[in-house]
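Here's the structure, in structure tokens; my notes come after.
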Amino acid sequence: MDFDLNEDQRALKDGVERLLGDRYDFEQRKKHMAESDGWSREQWGRYAEMGLLALPFAESDGGIGGGAVETLIVMEAFGSALVLEPYLATVVLGGGFLRLAGSAAQRADLIPRISDGSLLLAFAQAEQQSRYDLADVATAARRDGAGWVINGRKRYVLHGDCADKIIVTARISGGSCDRTGIGLFIVDAAAAGVSRRGYPTQDRLRSAEITFENVRVDADAVIGEPGAALPLIEQVVSAAMAALCAEAVGAMTRAHTVTVDYLKMRKQFGTTIGSFQALQHRAVDMLVQVELARSMALYAAMMSEEPNALKRGSAVSAAKAQIGRAGHFVGGQAVQLHGGIGMTNEYMIGHYYRRLTMIDLQFGDSNHHLGVLARTGGLLESAEI
């Protein structure tokens, strides 16, 4: 695999980093966090102007035609700045479903509005009993004439409180955890029967619990084939996990840089603590974990577009497991090496640790994905298929 960036990708990387460097330091992030949505609509508009919201969509749909590597570049920069805006929810998850399986009418209606920043999406999949199982869906959808009626409750819907439309998984047929019988529906967040309770998460993003009570949708609200949506869900979630891995690398890189700078500045016993060999070793151990994570994130990005589901799933699970553990290590070391200030809400380093912890939990923590690898035979066996 060629991990070198081409000229366009380097220009994208420089542009995103420059935008965030100018307008998204830690103090500005605090101001964005205090806004009504918990993030900045003005900043979202800048992402649209730069083309980031159109990045992964085909040119025929009004997009830019970027791939997984371009998404990795953006998400790594977002991780470094601890970006609050709903890029993962709207562009990677919601946009991923439209990009891969949306009808021509759905793409023509929704993708241009995603690209110009006027439409926000959320993916409602997790339920009280489902944990990390994408097939465990109790929310039900039944036919009602030409349309459908949806009933159920979803939890942990990332940015679900501000989304204009919600992409919902609902069971059309079969029993709990059956791999068949799951459908995907586009639901207007303002539709009758939809109620939302938003709340801040530990990493200061936003999430929501959403209840669907006799919510009616038309036949054209279905994405893909009714009852056969699970393979598509797994593919889009794999792309989202690869994006989260890239975000984690950005957060770890920044946490390591800030920590090393602090070691060079903080004095104790008449000298900088960075001169103590034991602390130097800990900083080097952090760097090793960051670079291992970077390699796995690149691998996950490359493999997220692999058509073979087993190969794709094993690669992304391996990356998620490695990066989850690396994030806990790097974040924990960063807080410890900062001492008491690392525990305060006013200083940035604890916020990086929070975000890394939440990334580990999203779509399955490191232990879950190690279990997935154990059941599927690991990377070597899947690579031979």
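The values are calculated or read from the model by the stated rules, or taken from the named source; none is laboratory data. Not measured: the values here are computed from a predicted model. As a convention, Cβ positions derive from the backbone with ideal geometry for all residues, glycine included, and neighbour counts pool all protein chains shown.
Here E213 passes the criteria (1) within 24 Å of the chain's Cα centre (by Cα); (2) part of a strand (DSSP E or B) except the one numbered (1). Of the residues making up region 163-172, just one is part of a loop (DSSP other than H, G, I, E, B) and crowded, with 24+ Cβ neighbours inside 10 Å, namely A163.
Close Cβ contacts (under 9 Å, 6 or more residues apart or on different chains) running from residues in region 282-305 that are under 17 Å from G324 (Cβ atoms) to residues that are among the acidic types (D, E) comprise R294/E76; A297/E76; A297/E247. Does any residue in region 234-261 that is free of Cβ contacts under 8 Å to residues at least 60 places away in the same chain come within less than 6 Å, Cβ to Cβ, of a residue that is not polar (S, T, N, Q) six or more places away or on a different chain, and which pairs are these? Final answer for the pair search is V260/A283. Taken over region 216-235, the residue count meeting the criterion of being under 24 Å from the mean Cα position of the chain (by Cα) and within 20 Å of S176 (Cα to Cα) is 7.
One line per residue, one yes/no per condition, for (1) in a helix (DSSP H, G or I); (2) within 15 Å of V236 (Cα to Cα):
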site	(1), (2)
T90	yes, yes
G96	yes, yes
L100	yes, yes
L110	yes, no
R113	yes, no
G117	no, no
Q128	no, no
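Considering only residues in region 340-362 that are part of a helix (DSSP H, G or I) and without any contact (Cβ under 8 Å) to a residue 12 or more places away in the chain, the one that is surrounded by the fewest Cβ atoms within 10 Å (Cβ to Cβ) turns out to be G340. Restricting to region 178-203, and then to whatever is of a type in the set (A, V, I, L, M) and surrounded by 12 or more Cβ atoms within 10 Å (Cβ to Cβ), can you tell me which residue is farthest from the chain's Cα centre (by Cα)? For region 178-203, the residue satisfying everything is A191. Exactly one residue out of G175, G160, G152 is surrounded by 15 or more Cβ atoms within 10 Å (Cβ to Cβ) and not in a strand (DSSP E or B): that is G160. Residues considered: A190, A141, A146. Of these, the only one that is among the small types (G, A, S) and in contact with a Gly (Cβ under 9 Å, 6 or more places away or on another chain) is A141. Checking every residue in region 174-181 against the condition of being touching a helix residue (DSSP H, G or I) at 6+ places or on another chain (Cβ under 7 Å), charged (D, E, K, R) and at pLDDT 95 or above gives at least one match.
Just to be sure, is M302 over 20 Å from the mean Cα position of the chain (by Cα) and either surrounded by fewer than 16 Cβ atoms within 10 Å (Cβ to Cβ) or part of a helix (DSSP H, G or I) (or both)? Criteria not met by M302.
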